[in-house]
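Just below is one structure, and these are the notes that go with it.
The values are calculated or read from the model by the stated rules, or taken from the named source; none is laboratory data. All values derive from a computational prediction rather than experimental measurement. Cβ coordinates were reconstructed from backbone atoms using ideal geometry, including for glycine residues, and neighbour counts include every protein chain displayed. The protein model used for the area step is the full one, side chains on, heavy atoms only, and it has no ligands, DNA or RNA in it. Shrake-Rupley method; radii C 1.70, N 1.55, O 1.52, S 1.80 Å.
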There are 2 protein chains.
Amino acid sequence: MESSSSANPPTTDSKTEPKKAKVADKITVTEVAAEAGVSISAVSRAFNPNASCSEKMKQKVFAAADKLDYRPNRLARGLKSNSSLIGILMTDFENPAYLSILDDFTTAIQQRNCHSLLINASQQMSIAEAVELVMQYHVDGLIVTSATLPQALIDACQAQNTPVVIFGRHSAESIATVVCSDNVANGRMAADLLLDAGYQRPAFVGGTVAASTTTDRQRGFIGRLIERGCEHWFCVEGGRHSYDAGFDATCKLFNSADKPDSIFYVDDIMACGGMDAIRYELGLRVPEDIGVIGVDDIRLAHSRAYSLTTIRQPFTDMVNTTVEALFEHIQDPTLEARQITVPCSLITRNSTRAAKKN
Amino acid sequence: MESSSSANPPTTDSKTEPKKAKVADKITVTEVAAEAGVSISAVSRAFNPNASCSEKMKQKVFAAADKLDYRPNRLARGLKSNSSLIGILMTDFENPAYLSILDDFTTAIQQRNCHSLLINASQQMSIAEAVELVMQYHVDGLIVTSATLPQALIDACQAQNTPVVIFGRHSAESIATVVCSDNVANGRMAADLLLDAGYQRPAFVGGTVAASTTTDRQRGFIGRLIERGCEHWFCVEGGRHSYDAGFDATCKLFNSADKPDSIFYVDDIMACGGMDAIRYELGLRVPEDIGVIGVDDIRLAHSRAYSLTTIRQPFTDMVNTTVEALFEHIQDPTLEARQITVPCSLITRNSTRAAKKN
DNA sequence: CTGAAAGCGCTTACAG
DNA sequence: CTGAAAGCGCTTACAG
């Protein structure tokens with residue numbers, strides 16, 4: 001008998017001696033089940049919203065879990081059910097717009113009790129590697145904010161039934177759900193604003209080559225210029241989406257004898273770089289000599305130093321719509337891909353002349 | 001015998017009939033092992049760098065894996081070995097510096113074949129919730145870039161032996177490894193520059209209340225002013241790290257009869273907001289009327305619109321050092337916490353007057 | 001509603 | 001170097 005193994009009567013000393021340093025790690029369902037005096041299945045169910053479990057059982061389990069400081073292991077959970085991980089593929093780390101976009105994305109994802117695996121596809125990492133990654137972690141869904149669409153990635157996801165939603169890009173060839181603004185319309189809006197203000201020799205400055213944002217906005221812009229009888233226009237590509245790219249492209253634009261009198265930049269950060277080139281490098285005035293309009297409405301656009309006329313993309317709404325759509329696809333894998341277009345609005349500030357009365 | 005089961009002689013037709021749609025999903029070690037004709041242990045070893053496995057075996061396994069388009073499941077792997085997930089805790093989504101910092105972090109982490117779980121602790125999410133998260137995904141390590149140090153999180157990580165490295169903040173109370181610049185020295189540097197240029201009534205504009213960056217830079221700055229006999233100085237706090245916070249704090253500073261003649265901002269984005277307040281709201285000239293200096297050297301600091309004198313933090317180096325240190329801690333859990341201080345350099349641009357000859 | 005048992009896809013001592 | 005087997009921590013039919 002156990003009680004006879006001790007020659008001395010129990011004292012308080014024997015009770016207060018350290019319990020083998022109480023190795024706190026490795027609290028799993030097993031420990032919680034033991035503590036609560038229930039089965040491990042019951043513990044699992046208590047932590048699973050849509051599993052049948054009595055209130056009384058939950059009480060017992062949670063009490064034990066709290067006492068033991070238990071946290072379910074998401075990795076183990078992900079093995080049978082979903083990982084609660086959402087992949088965010090990003091390439092545009094130079095455009096400050098993406099910092100607030102990322103803020104919005106992570107917030108929306110966390111509100112749904114999921115978490116963000118941020119994949120940087122801007123540098124060394126090839127799309128093929130990104131595919132590996134997303135697949136290996138069995139993300140529940142993928143958000144693509146890449147400037148150029150990684151079709152291989154999207155195909156791979158769909159082959160594995162991983163829903164993907166594309167943010168901010170049009171995609172005719174892809175069968176994934178897309179949330180973006182009508183970039184052709186945005187281009188037309190810019191053309192109208194410049195022409196209405198009396199500018200006569202507009203230029204377009206693009207970003208990433210072959211990105212749909214650049215091609216669509218350019219198409220809308222130039223198309224509308226021609227429609228309204230403006231035959232004298234310019235085009236140049238910055239290649240990237242940064243202040244410096246905008247600055248350099250602008251200098252290039254003014255490098256020939258034939259110069260523009262207004263510029264539509266594919267985004268605000270390039271427009272800021274461009275404005276500085278115009279004002280400080282070329283010594284011209286904005287908006288008197290040169291009118292400037294961008295797209296996005298980043299924080300800097302309403303700074304006093306730039307006060308940039310721009311076409312506002314409602315990023316927070318777009319992000320929420322994107323996340324919403326992604327979770328719908330996760331819930332119902334049979335849902336068909338759709339194209340969600342959000343409306344943009346013109347924000348007139350001081351980088352363009354006021355429209356002429358007609 | 002199988003061949004007798006068919007009444008008709010085999011034709012090409014029977015060979016080309018669809019193989020039950022070839023359900024491609026669920027390729028696991030088992031399938032690869034079968035295809036390669038080896039054990040599943042062998043497959044596992046082939047994919048594990050530090051496991052003994054012959055070249056010949058690897059060839060066989062990889063051939064089979066390629067054929068089947070197999071990808072190891074990181075979630076399952078994480079159950080026994082490490083998750084290859086690194087948590088990045090971030091709060092500062094208004095300061096553009098953090099976009100390039102994030103670019104650098106994700107790049108460095110991906111180069112080490114790990115991936116980034118981005119945790120947004122800026123809004124609704126309490127530190128307690130962040131703790132849950134990090135623990136639940138069993139991240140191999142955690143990087144904290146939070147303005148104020150979430151001591152509870154750090155304690156929780158250490159209780160579970162999860163290494164954590166703190167980026168950009170000093171921390172006397174914490175026992176975690178820290179990578180930051182010498183913020184007190186930075187404050188002194190700013191004070192010297194302003195005094196040397198002949199400014200006599202310097203002000204300090206802080207950011208997040210109680211953040212070590214603000215308190216340390218302020219301490220160094222004011223301390224040095226006093227040391228050099230400057231008795232007339234000002235202090236104000238912006239509360240956040242944004243253009244608008246800098247703008248508003250500056251207006252407040254000039255709201256009384258007693259006004260400063262130069263301002264040291266806790267970071268560049270606030271300095272930009274401040275410069276615009278000075279130039280466009282208050283109608284004063286920079287640097288003639290008011291000298292301005294910031295910290296960070298963000299992209300905007302060297303724009304022509306701001307041309308901001310600043311104290312450059314070598315972010316890319318700091319990030320790489322942080323990731324390096326984190327992986328050292330992961331490799332060797334017995335490693336002691338250390339404080340790594342990186343040197344900053346003064347970048348003189350046009351927002352301050354040139355130093356007076358003495 | 002609850003428990004026993006099998007299984008998720010991998011890794012890792014343990015023998016050979 | 002290789003294979004059989006146990007185990008990582010959870011979930012989920014299947015009975016009761």
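Yes or no: B:S262 in contact with a His (Cβ under 7 Å, 6 or more places away or on another chain), touching a residue at least 40 places away in the same chain (Cβ under 8 Å) and hydroxyl-bearing (S, T, Y)? Outline the logic, then answer.
Values: in contact with a His (Cβ under 7 Å, 6 or more places away or on another chain): no; touching a residue at least 40 places away in the same chain (Cβ under 8 Å): yes; hydroxyl-bearing (S, T, Y): yes.
Against the criterion (in contact with a His (Cβ under 7 Å, 6 or more places away or on another chain), touching a residue at least 40 places away in the same chain (Cβ under 8 Å) and hydroxyl-bearing (S, T, Y)), B:S262 does not qualify.
So is A:Y306 among the aromatic types (F, W, Y), more than 14 Å from chain B (Cβ to nearest Cβ) and in contact (Cβ under 8 Å) with a residue 40 or more places away in the chain or not?
Values: among the aromatic types (F, W, Y): yes; more than 14 Å from chain B (Cβ to nearest Cβ): no; in contact (Cβ under 8 Å) with a residue 40 or more places away in the chain: yes.
Considered against the rule, which asks whether it is among the aromatic types (F, W, Y), more than 14 Å from chain B (Cβ to nearest Cβ) and in contact (Cβ under 8 Å) with a residue 40 or more places away in the chain, A:Y306 comes out as no.
So that you can scan it fast, the table gives a plain yes or no per residue for (1) in contact with a Gly (Cβ under 8 Å, 6 or more places away or on another chain); (2) at pLDDT 95 or above:
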| site | (1), (2) |
| --- | --- |
| A:G187 | yes, yes |
| A:L194 | yes, yes |
| A:G198 | no, yes |
| A:A203 | no, yes |
| A:T208 | yes, no |
| A:F221 | yes, yes |
| A:E227 | no, yes |
| A:C235 | yes, yes |
| A:G239 | yes, no |
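Sort out which residues of the range A:83-106 are assigned to a helix (DSSP H, G or I), more than 8 Å from every other protein chain (Cβ to nearest Cβ) and in contact with a strand residue (DSSP E or B) (Cβ under 7 Å, 6 or more places away or on another chain), and write them in order of number. Talk me through it step by step, then tell me what you get.
The initial filter retains those residues of the range A:83-106 that are assigned to a helix (DSSP H, G or I), namely A:97-106.
Then drop every residue that is not more than 8 Å from every other protein chain (Cβ to nearest Cβ), which leaves A:97, A:101, A:104-105.
Hits for the range A:83-106 are A:A97, A:F105.
So, in the range B:47-56, how many residues would count as being more than 10 Å from DNA strand D (Cβ to nearest atom) and either open to solvent by 80 Å² or more (accessible area, probe 1.4 Å) or touching a residue at least 60 places away in the same chain (Cβ under 8 Å) (or both)? Step through it out loud before you land on a result.
In the first step, residues of the range B:47-56 are kept if they are more than 10 Å from DNA strand D (Cβ to nearest atom); the result is B:47-50.
Cutting the leftovers down to either open to solvent by 80 Å² or more (accessible area, probe 1.4 Å) or touching a residue at least 60 places away in the same chain (Cβ under 8 Å) (or both) gives us B:49-50.
Here the count works out to 2.
Being farther than 18 Å from B:A108 by Cβ and either aromatic (F, W, Y) or modelled with pLDDT under 90 (or both) is the filter here, so list the residues in the range A:90-109 that pass it. It would help to see each step written out before you state the result.
Here is the first cut: in the range A:90-109, the residues farther than 18 Å from B:A108 by Cβ are A:92, A:95-101, A:103-109.
A:D92, A:Y98, A:F105 - these are the residues of the range A:90-109 that are farther than 18 Å from B:A108 by Cβ and either aromatic (F, W, Y) or modelled with pLDDT under 90 (or both).
Return the residues of the range A:20-56 that are more than 10 Å from DNA strand C (Cβ to nearest atom), assigned to a helix (DSSP H, G or I) and either modelled with pLDDT under 85 or within 14 Å of another protein chain (Cβ to nearest Cβ) (or both); say none if nothing qualifies.
Taking the range A:20-56 and keeping what is more than 10 Å from DNA strand C (Cβ to nearest atom), we get A:20-28, A:30-32, A:34-35, A:47-50.
Still in the running and assigned to a helix (DSSP H, G or I): A:20-22, A:30-32, A:34-35.
A:K20, A:A21, A:K22 - these are the residues of the range A:20-56 that are more than 10 Å from DNA strand C (Cβ to nearest atom), assigned to a helix (DSSP H, G or I) and either modelled with pLDDT under 85 or within 14 Å of another protein chain (Cβ to nearest Cβ) (or both).
Which one is farthest from DNA strand D (Cβ to nearest atom), of the residues in the range B:72-82 that are in a loop (DSSP other than H, G, I, E, B) and at the interface with chain A (Cβ under 8 Å from one of its Cβ atoms)? Please lay out each step first, then the result.
So the first thing to find is which residues in the range B:72-82 are in a loop (DSSP other than H, G, I, E, B), and the list is B:72-73, B:81-82.
Still in the list and also at the interface with chain A (Cβ under 8 Å from one of its Cβ atoms): B:72-73.
Values: B:P72: 13, B:N73: 11 Å.
Step by step, filter the range B:72-82, then rank; the result is B:P72.
Can we say B:P260 is in contact with a helix residue (DSSP H, G or I) (Cβ under 7 Å, 6 or more places away or on another chain) and surrounded by 17 or more Cβ atoms within 10 Å (Cβ to Cβ)?
Criteria met by B:P260.
Considering only residues of the range A:126-169 that are farther than 22 Å from A:F327 by Cβ and in contact with a Ser or Thr (Cβ under 8 Å, 6 or more places away or on another chain), which is surrounded by the most Cβ atoms within 10 Å (Cβ to Cβ)?
Per the stated criteria, the residue is A:A147.
Which of the residues that make up the range A:35-46 are more than 6 Å from DNA strand D (Cβ to nearest atom) and within 28 Å of A:Q331 (Cβ to Cβ)? Step through it out loud before you land on a result.
Within the range A:35-46, the first condition is being more than 6 Å from DNA strand D (Cβ to nearest atom), and the residues that meet it are A:35-39, A:42-43, A:46.
Selection gives A:A42, A:V43, A:A46.
Report yes if some residue within the range A:57-71 is polar (S, T, N, Q), within 12 Å of DNA strand C (Cβ to nearest atom) and either more than 9 Å from chain B (Cβ to nearest Cβ) or crowded, with 17+ Cβ neighbours inside 10 Å (or both); otherwise report no. Talk me through it step by step, then tell me what you get.
Going residue by residue through the range A:57-71, those that are polar (S, T, N, Q) are A:59.
If we keep only those that are within 12 Å of DNA strand C (Cβ to nearest atom) too, we end up with A:59.
Pick out the ones that are also either more than 9 Å from chain B (Cβ to nearest Cβ) or crowded, with 17+ Cβ neighbours inside 10 Å (or both) and you get A:59.
Within the range A:57-71 (the criterion being polar (S, T, N, Q), within 12 Å of DNA strand C (Cβ to nearest atom) and either more than 9 Å from chain B (Cβ to nearest Cβ) or crowded, with 17+ Cβ neighbours inside 10 Å (or both)), the answer is yes, since at least one residue qualifies.
Here is a list: B:Q339, B:Q331, B:Q313. Which entry is open to solvent by 60 Å² or more (accessible area, probe 1.4 Å), at negative phi, in contact (Cβ under 8 Å) with a residue 12 or more places away in the chain and more than 13 Å from every other protein chain (Cβ to nearest Cβ)? It would help to see each step written out before you state the result.
Numbers: B:Q331 fails: in contact (Cβ under 8 Å) with a residue 12 or more places away in the chain; B:Q313 fails: open to solvent by 60 Å² or more (accessible area, probe 1.4 Å).
So the residue among B:Q339, B:Q331, B:Q313 that is open to solvent by 60 Å² or more (accessible area, probe 1.4 Å), at negative phi, in contact (Cβ under 8 Å) with a residue 12 or more places away in the chain and more than 13 Å from every other protein chain (Cβ to nearest Cβ) is B:Q339.
On the basis of being of a type in the set (S, T, Y) and touching a residue at least 24 places away in the same chain (Cβ under 8 Å), does A:Y280 make the cut?
The answer is no for A:Y280.
Among the residues of the range B:264-310, count how many are open to solvent by 10 Å² or more (accessible area, probe 1.4 Å) and either over 18 Å from B:N95 (Cα atoms) or not assigned by TED's automatic domain parsing to the domain that holds B:R188 (or both).
12
Residues checked against (1) open to solvent by 20 Å² or more (accessible area, probe 1.4 Å); (2) under 25 Å from B:P314 (Cβ atoms):
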| site | (1), (2) |
| --- | --- |
| B:A190 | no, yes |
| B:L193 | yes, yes |
| B:T214 | no, yes |
| B:I226 | yes, no |
| B:G229 | yes, no |
| B:S242 | no, yes |
| B:A249 | no, no |
| B:S256 | yes, no |
